[in-house]
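Below: the structure, in structure tokens.
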Amino acid sequence: MHITDPIADMLTRIRNANNAKHDSVDVPASNMKKSIAQIL
């Protein structure tokens, strides 16, 4: 069984995109992720 943490996945994608000097990153959407992204 493969279980992922969607919030940790989002933060990892943001960190990796930032380290690679990307201007944007695509992440599967949810209301909780949207709220966290607004805080960041």
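Numbers for the structure displayed
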{"quantity": "Cα gyration tensor category, rounded, prolate or oblate, for the chain with a/c compared to 1.5", "calculated": "oblate"}
{"quantity": "FRET efficiency for Ile36 and Ile3, using Cβ-Cβ distance with R0 set to 30 Å, rounded to 0.05", "calculated": "0.95"}
{"quantity": "Sparse-neighbour loop sites [trypsin sites (Lys or Arg not before Pro); the chain; at most 15 other C-beta within 10 Å; DSSP]", "calculated": "Lys21"}
{"quantity": "Calculated [θ] (222 nm, deg cm²/dmol) that DSSP helices of n ≥ 4 give over the chain, each run adding -39,500 (n - 2.57)", "calculated": "-17500 deg cm²/dmol"}
{"quantity": "Potential lengthening between Val25 and Leu11 on full extension [0.36 nm per residue; Cα-Cα distance subtracted]", "calculated": "4.0 nm"}
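Only the coordinates and a few stated rules stand behind these numbers; no lab work does. Keep in mind that what you see is a predicted model, and the values were worked out from it rather than measured. Glycine also receives a Cβ, built like all others from the backbone with ideal geometry; neighbour counts cover every protein chain displayed.
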